[in-house]
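The values are calculated or read from the model by the stated rules, or taken from the named source; none is laboratory data. All figures in this text were calculated on a predicted structure; none of them were measured in a lab. Note: ideal-geometry Cβ built from the backbone for every residue, glycine included; neighbour counts use all protein chains shown. Quick note on the areas: whole protein, heavy atoms, side chains included, nothing else; ligands and nucleic acids left out. Shrake-Rupley method; radii C 1.70, N 1.55, O 1.52, S 1.80 Å.
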Amino acid sequence: MRMQRKYTAKEQHAMASSYYQEMQEVFRNNNKSREFPAHNAKVHSVAWSCDGKRLASGSFDKTASVFVLEKDRLVKENNYRGHGDSVDQLCWHPTNPDLFVTASGDKTIRIWDVRTTKCMATVSTKGENINICWSPDGQTIAVGNKDDVVTFIDAKTHRPRAEEQFKFEVNEISWNNDNDMFFLTNGNGCINILSYPDLKLIQSINAHPSNCICIKFDPTGKYFATGSADALVSLWDVEELVCVRCFSRLDWPVRTLSFSHDGKMLASASEDHFIDVAEVETGEKLWEIQCESPTFTVAWHPKRPLLAYACDDKEGKYDSNREAGTVKLFGLPNDS
């Protein structure tokens, strides 16, 4: 059996430093942010379709919006109404760029098709939903509610397959890229790893001294990252389940994380008035995106170094009567 060649530390450093220089150059020429009106209230969640052609946003105003990315602009395509409460999180189907799902405090999730603009399915759940994710194979949707119940819903029949009540505060939920493990971050600072589909506890990792808030897997399947109330982001090796490095440039609880399409950059945000963009392999700061208020959600484009994000628009130097609910895009050409 041929062993895969391991790079020496010197070679790894050289590769990392050339990537660093390349991205510095990209952002020097493309560091413009532009904002686009999306909602009448705070935006809780932004996400790109798998082909990168559309961006969806979910808001406190009970709606979801979908934009089409045209060159360097987001053009609003539709507004999706139907939920009776705040849309707290949304995500797209992993391989079908027309379907997305929303989780709401109205005790339902809704599946939408951008080709018809109608709600394809409404699934009732037991509690007020706050977290949602779609399995990498597209077959299951997991939704977590305020009572720490996670429900697994068949994406075709729209019927619940399984339901788990946890004895701790469940924050963000995610499958691993191989679809055979299910991860939850919890209020005790732990990452709980369950086998999937049988949902038996494999391991509980003490990841942070305080509330572990968010989790994201990188597209290459090598790492996952967690963000915590201790203001740290930790990077974990998926195979070994060990922490390989921490990013500590934020001062406030880490609310949201996103890996770039190549897995080489990690954006993290909080109530700090900037978004930290780190190089994954070295932990170095690649860029800092200035914001005027706390950031709730970030999402890298699946093919380009473009970052969508949404902030608490009512704070800072904004007029408090100004309509909130904008979606922002960073990485646009300076001359655009």
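FRET efficiency for the residue 200 to residue 335 pair, using the beta carbon distance and R₀ = 56 Å, is estimated at 0.50.
Under a Gaussian network description of the chain, with springs only between Cα atoms under 10 Å, the residue in 262, 88, 148 that fluctuates furthest is 262. Using only alpha-carbon positions in the chain, the gyration tensor eigenvalues give semi-axes of 28, 26, 19 Å once each is multiplied by 5 and square-rooted (largest first).
For every helix of n ≥ 4 consecutive DSSP H residues, a contribution of -39,500 (n - 2.57) applies; sum these over the chain, divide by its total residues, and give [θ] at 222 nm rounded to the nearest 500 deg cm²/dmol.
Counting only the DSSP helices, I get -2000 deg cm²/dmol.
Farthest toward the positive end of the dipole of the range 207-331, out of 306, 324, 282, is the Cα of 306, where the dipole comes from beta carbon charges about the Cα centre. Taking the Cα centre of the chain as origin, work out the dipole magnitude from +1 charges on Lys and Arg Cβ and -1 charges on Asp and Glu Cβ, in debye rounded to 20. Dipole size: approximately 740 debye.
The figure for residue 222 is an accessible area of roughly 100 square angstrom, using a 1.4 Å probe on the protein chains alone. Comparing mean-square fluctuations of 198, 72, 230 from a GNM of the chain with C-alpha springs under 10 Å, the top value falls on 198.
Multiplying the residue separation of residue 159 and residue 107 by 0.36 nm and subtracting their alpha-carbon distance yields 17.3 nm. Ranked from largest to smallest solvent-accessible area, with a 1.4 Å probe on the protein heavy atoms, 287, 112 come out as 287, 112.
Here the calculated FRET efficiency for residue 81 and residue 240, from their Cβ-Cβ distance with R0 = 56 Å, stands at 0.75, rounded to the nearest 0.05.
Of the solvent-accessible surface of the chain, computed with a 1.4 Å probe and all protein chains present, 48% belongs to carbon and sulfur.
Looking at the chain as a GNM with Cα springs under 10 Å, which of 191, 173, 205 has the largest mean-square fluctuation? So, out of 191, 173, 205, the one fluctuating most is 205. Surface analysis of the range 45-165 yields an accessible area of 41 Å² per residue, using protein heavy atoms and a 1.4 Å probe. Measuring r between the beta carbons of residue 126 and residue 180 and using R0 = 25 Å, the FRET efficiency lands at 0.40.
Annotation: per residue accessible area for the range 207-331 equals 37 Å², rounded to a whole number [probe 1.4 Å, protein chains only].
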